[in-house]
Amino acid sequence: MGTAPADAGGSASGTVDAALGHAARLMARQPALALAQAREILRAVPGHPHALLLEGQALRVLGHLAEARSVLAALVASQPRAAAAAAELGLTLAALGEDAAAMAQLRRAVALKPDLAHVWQALATLLRASGDEAGAGQAEVAGIEAAAKDPVLLRAALAMGEGRLDEAETHVRARLAMIPTDPAALRLLGEVLWRQGEIEAALPLLRAAVARAPAFVAARELLVRILAMGPDVAEALDHASRLVADDPEHGGHAMLKASLLVRIGDQEGARDLYRAILARDPGRPRVWLNLGHVEKTIGNQAAAIEAYRRAAALDPATGEAWWSLANLKTVRLEQADIAAMRAALPHDAVGDERAEDVAQMHFALGKAFEDLSRDEPAAAESAFAHYARGNALRRSVLDYDPARTAAAVDRHAALFTPKFLAERASWGCPAADPIFVVGLPRSGSTLVEQILASHSQIEGTMELPDMMLIADRLQSRVDANDGEGGEFADMAALLAALGPDDCRQMGEEYIERTRIHRKTDRPYFVDKMPNNWQHVGLIRLILPNATVIDARRHPLGCCFSGWKQYFARGQVFSYDLSEIGHYYAAYVRQMTAFDRAIPGAVHRVIYEAMVADTPGQVRALLGAVGVPFEEGCLAFWQNRRAVRTASSEQVRQPIYTDAVEHWKRFEPWLDPLRAALGPVLDSYPNVPAGW
């Protein structure tokens, strides 16, 4: 569109342009004033196209739709190449409910000027309402591509990429002030806030982006990835399922959905997705690894071995493939495997991009030489050396301070006294569903879980993160984020300040959050997160009727077994013999104090006693839960349920005694562990006098 003729010279034209700019700026916040300004211009310059456009726009915004249509229809007739006029007329017709005519004008506008992002979005909304989902998706994509070229969003994206997040936020908010529903801007602001750590502020923006533009793949994918970091797996899975449904051939989306299915225990669903990806592209070692993991969890050992070996063959330097084979426990790596791993170890420098793979190969080599040491005792030294190197590499990248664990144990013992617990005995959620199996990793807890899950009234789930997430949320009220200190001095002070309603609500929250993992109608379920021993006091406050089982194993056997285990996540205390010994001692000290404060609240299973007298120990275990004895619990290895822990293959066999004293082959190198355990070692299975 042209400007007004300069019948009074250049100054008149400049005055009109300034007035038009002023009217445009008024439109967003004061459309009535914008309308008045446009009409004032039209009195001075009748028929001015830009003024007519502003008049029609202001009338639409103010809700005077019939009048707006009249103004804009005439403008479109006189200015057939004016995209902005066609766009405004289309928006007005849409508001009047004349969808067919509106779509015609909106299509005309984007044909004339394809970078009108808001017009594409309006067109997508109308197409979706008409049932044309494919057309709506195409319009949404075109609108997002148009918005991505906007100079303001380009500056914001550049600033974000360079780490200038505050500047990026300022740019995107400026864009949203002009177009509040722009999906591209909503997604970009969501990512900026996420990078700033403002996850709760980011999520509504991303939800709004995909609600406005359901075909906006980048927004939905980012939403899934952020949701997957938290507890709301169900919502993340819904969005991931939409991504896969929209593009079944997209391997990345299938991988994302499969990882979420694993989180909720749908191993078979994840397996099907991995197999479909590999059918299209068998040269992906990461997918073979993931397939191996789910096959192992389901109990298909042969299929797991095949998948892990395919991954190793495709990339022999993939340490996770070798460690996953070794971690099956029942598999022995051969000399050819040892040679292949050694050939793939060019160096093991800390900080190298493949340091994690190198560490896992050392763990796998440790297991290979440990297996050899059964027949060749001298191989034990090589096994220990590889375990030590793998642990050192892993420990070098972890943040763990044993003093923090010791201090937390002291505070827990000081807070949870008989008086404190008695005063709160009636608090919390009364549900008796959960059975918490706590202790250290490699303590026999998976065996306990498998026995329990073989009972007709008890469902096995997995190591659920929910209690730890609740505890972490409480801890966030203690930790200082701004240098001024938290809301409470420490966790003990916070727990002491909780009231009955707080405890009940947290107990109910735990029950609700874990519901997604329960696939049957059995009245009880097992949460086998071993680290929950740190939260036995909190569990008692919020779920006083829950059962707590403490799975305990000989300290040398337990700690050495944990030290030679490469954990996928967590267990940061386990990569140093001295640190894991101190951790074990701290755990015993806390559980002893809790036993003293509320005798009988925790049922203890000693692994060696379970091995020596399985029927008697199983009866006592079921009695602690409050369910009758069932013979099926003695044949626990016949239970084909999914098991995700390192002991998955071992609990699919009858109990054997080989593991009870396997540490003795490595006794010459365990002095640091002995020293850290102190009196706990000599008194086992009892506790040191005076504790």
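Just so you know, all these numbers are worked out from the coordinates, no wet-lab data involved. What you see is a predicted model, and the numbers here were worked out from it, not measured in a lab. A quick note on method: Cβ atoms are made from the backbone with ideal geometry, for glycine too, and the neighbour counts reach across all protein chains shown.
Quick notes on this structure:
- The calculated FRET efficiency for the pair Ala32 and Ala177, based on their C-beta separation and a Förster distance of 22 Å, comes to about 0.70.
- Distance in nm between pseudo-label sites at Arg81 and Asp115 (7 Å out along the Cβ direction from Cα): 1.8
- Non-local Lys pairs in the chain, i.e. 8 or more apart or on different chains, that have alpha carbons under 26 Å apart: 19
- Panel order for Arg81, Arg619, Arg411, by other beta carbons found within 10 Å of each beta carbon, from fewest to most: Arg81, Arg619, Arg411.
- √(5λ) per eigenvalue of the Cα gyration tensor, the range 10-113, largest first, Å: 23, 15, 11
- Residue-count net charge about Ala95 - beta-carbon cut-off 13 Å; Lys, Arg +1, Asp, Glu -1: -2
- Backbone HN-Hα couplings from phi across the range 18-27 [Karplus 6.51/-1.76/1.60, Hz, Gly and Pro as x]: 5, 5, 4, x, 5, 4, 5, 5, 6, 4
- Each of (i) 14, 33, 23, 14, 9, 5, 1, 0; (ii) 15, 39, 27, 15, 5, 0; (iii) 16, 42, 33, 8, 1 is a candidate for P(r) over Cα pairs in 20 Å bins from 0, in percent; the one calculated from this structure is (ii).
- Annotation note: GluC sites (Glu not before Pro) in the range 64-166 located in DSSP loop regions with a Cβ neighbour count of at most 14 within 10 Å are Glu162.
- Compared with the dominant Cα axis of the chain, that is its longest principal axis, helix 31-44 is turned about 30°.
- Sparse packing (at most 14 other Cβ atoms within 10 Å of the Cβ) combined with a DSSP loop state is found for the following GluC sites (Glu not before Pro) in the range 230-309: Glu249.
- Dividing the helix sum by the residues of the chain, where each DSSP H run of 4 or more adds -39500 (n - 2.57), gives a mean residue ellipticity at 222 nm of -19500 deg cm²/dmol.
- Derived scalar couplings ³J(HN,Hα) [the range 488-501; Karplus, 6.51 cos²θ - 1.76 cosθ + 1.60; whole Hz; x for Gly, Pro]: 10, 5, 7, 5, 4, 4, 5, 4, 5, 8, 5, x, x, 5
- Residue exposure sequence - Asp401, Asp115, Asp357 - by fewest surrounding Cβ within 10 Å: Asp401, Asp115, Asp357
- Computed FRET value (nearest 0.05) for Tyr400 with Asp272, which takes r as the C-beta separation and R₀ as 25 Å: 0.05
- Restricting the range 396-491 to GluC sites (Glu not before Pro) in coil, as DSSP defines it, with at most 16 other Cβ within 10 Å: Glu484, Glu487
- Normalised contact order of the chain, rounded percent, pairs of Cα under 8 Å and 6 or more residues apart: 9
- For the pair Glu381 and His22, the difference between a 0.36 nm per residue extended length and the Cα-Cα distance amounts to 121.0 nm.
- Summarising the amide proton neighbourhood of Val438: residues at separation of 5 or more, or on other chains, whose placed amide H is nearer than 5 Å comprise Ile549, Asp550, Ala551.
- What the phi angles of the range 604-611 give under the Karplus curve with 6.51, -1.76 and 1.60, with θ = phi - 60°, is a coupling list of 9, 10, 8, 4, 5, 5, 5, 5 Hz, glycine and proline written as x.
- Distances between placed amide hydrogens fall under 5 Å for Glu459 paired with Tyr524, Phe525, Val526, all partners being 5 or more residues away or on another chain.
- Helix 301-314 and the longest principal axis of the C-alpha atoms of the chain enclose an angle of approximately 60°.
- Rounded tilt (10° steps) of 285-298 against the dominant C-alpha axis of the chain: 50
- In nm, spacing of pseudo-spin labels at Ala279 and Asp99 (7 Å Cα→C-beta vector): 3.7
- Taking other Cβ atoms within 10 Å as a rough exposure proxy, Thr15, Thr92 sort from fewest to most as Thr15, Thr92.
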